[in-house]
1. Spot the failing condition for Asn58; the list is (1) within 27 Å of Arg23 (Cα to Cα); (2) more than 15 Å from the ligand (Cβ to nearest atom), and only one is missed.
2. Scan the range 247-266 residue by residue and report those that are open to solvent by 20 Å² or more (accessible area, probe 1.4 Å) and of a type in the set (A, V, I, L, M).
3. Only residues that are more than 13 Å from the ligand (Cβ to nearest atom) and either touching a Lys or Arg at 6+ places or on another chain (Cβ under 8 Å) or not charged (D, E, K, R) (or both): list them for the range 111-131, please.
4. Restricting to the range 89-109, name every residue that is within 15 Å of the ligand (Cβ to nearest atom), of a type in the set (A, V, I, L, M) and open to solvent by 10 Å² or more (accessible area, probe 1.4 Å).
5. Among the residues of the range 179-187, is there at least one that is of a type in the set (Gly, Ala, Ser), in contact with a strand residue (DSSP E or B) (Cβ under 8 Å, 6 or more places away or on another chain) and more than 17 Å from Phe261 (Cβ to Cβ)?
6. Does Glu77 meet the test of being of a type in the set (D, E, K, R) and modelled with pLDDT of 95 or more?
7. All but one of (1) crowded, with 21+ Cβ neighbours inside 10 Å; (2) within 16 Å of the ligand (Cβ to nearest atom) hold for Gly47; which doesn't?
8. Say whether the condition of being within 26 Å of Gly276 (Cβ to Cβ) and in a helix (DSSP H, G or I) is met by at least one residue in the range 65-80.
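The values are calculated or read from the model by the stated rules, or taken from the named source; none is laboratory data. Just so you know, these numbers come straight off a predicted model, no measurement behind them. All Cβ positions, glycine included, derive from the backbone under ideal geometry; neighbour counts span all protein chains shown. Surface areas here come from the heavy atoms of the whole protein model, side chains and all, with no ligands, DNA or RNA. Shrake-Rupley method; radii C 1.70, N 1.55, O 1.52, S 1.80 Å.
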Amino acid sequence: MATETGTATIIDGKAFASTLVTRVGAAVERLVQSHNVKPGLAVVIVGEDPASQLYVRNKGETTLKAGMRSDTHRLPEDTTQEQLLALIDQLNADDGIHGILVQLPLPQHIDANAVLDAISPDKDVDGFHVVNAGRLAVGQDGLVPCTPLGCLMLLKDQLGDLSGLNAVIVGRSNIVGKPMAQLLLGESCTVTIAHSRTKDLPALCRTADILVAAVGRPEMIKGDWVKPGATVIDVGINRVPSKDPVKAAEGKTRVVGDVAFDEAAAVAGKITPVPGGVGPMTIACLLVNTYTAACRTIGVQPDDLLAR
Ligand code: GUN
């Protein structure tokens with residue numbers, strides 16, 4: 001079978017996210033001037049996990065860059081669920097805090113769902129609360145999980161109108177797969193969610209005009225799973241040993257996505273790289289959500305940050 005090959009356009013999520021942070025910053029400045037309200041984000045981290053510490057530091061720095069208030073609460077590993085819930089109650093009641101994010105994973109002895117559901121849905125900038133999942137499912141205004149929101153922004157920027165396109169999402173998590181499906185359905189795509197029990201996954205992926213990979217398995221999606229000209233969004237962030245055997249023996253790693261990038265880029269029309277694709281959009285969308293939450297508390301319509 002003859003296969004069209006070419007070189008895909010690389011979607012520069014890092015550049016898009018940087019522009020978005022600047023635009024949120026400008027909107028924040030207008031909000032401060034017009035209403036004397038400075039959006040505030042509280043990030044809570046429990047324990048010392050190095051990857052989580054790095055994410056939380058990045059979130060704090062980017063929040064400040066956009067001119068918002070950033071509070072980081074670092075709690076010890078042995079914090080009890082009651083202590084964490086007490087902090088959330090306090091943040092729910094704090095008028096200067098418009099967004100609350102509890103960094104995951106939490107230590108084993110804490111029930112993550114109980115904690116996430118204790119956050120006021122209107123301050124739930126992760127969009128993980130069941131109320132926000134429900135609002136998204138029925139098409140009401142709520143707060144949408146940051147990673148799928150970032151993916152949608154990139155898709156709309158690249159493709160414009162998405163209606164009628166076939167979208168296949170590989171991965172059915174509450175954080176990415178399911179909300180991504182809801183968002184694409186909202187854009188009138190024909191949506192399929194694939195998962196570990198899906199039959200003939202390669203053939204299904206080849207039907208996709210939009211292929212979103214969110215499984216957490218390094219380079220699982222191969223080049224011949226991609227329909228020529230399709231748009232591929234790679235949500236995966238996986239650490240694998242360095243290609244250089246000497247460095248690998250020293251424990252050096254590199255980051256790859258869920259898509260075998262070089263193969264897929266030879267077939268796709270557009271593709272996000274890892275790193276520098278979806279990842280930077282997640283933090284930028286956290287700021288969008290915090291700004292949106294702040295606007296809603298004072299009955300102001302958030303500027304349409306999606307419009308370009
Ligand atoms: N840990 C890894 N990604 C995320 C995220 O998007 N939100 C939270 N709260 N924790 C995470």
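1. Exception for Asn58: condition (2).
2. Ala248, Ala249, Val255, Ala266, listed by residue number.
3. Ala114, Ala118, Ser120, Pro121, Asp122, Val130, Val131 - these are the residues of the range 111-131 that are more than 13 Å from the ligand (Cβ to nearest atom) and either touching a Lys or Arg at 6+ places or on another chain (Cβ under 8 Å) or not charged (D, E, K, R) (or both).
4. Of all residues in the range 89-109, those within 15 Å of the ligand (Cβ to nearest atom) come to 91, 99-107.
Next, only the ones that are of a type in the set (A, V, I, L, M) stay: 91, 100-102, 104, 106.
Within the range 89-109, Leu104, Leu106 qualify.
5. Within the range 179-187, one or more residues are of a type in the set (Gly, Ala, Ser), in contact with a strand residue (DSSP E or B) (Cβ under 8 Å, 6 or more places away or on another chain) and more than 17 Å from Phe261 (Cβ to Cβ).
6. Answer is yes for this residue.
7. It fails just one condition, (1).
8. Yes: the range 65-80 contains one or more residues that are within 26 Å of Gly276 (Cβ to Cβ) and in a helix (DSSP H, G or I).
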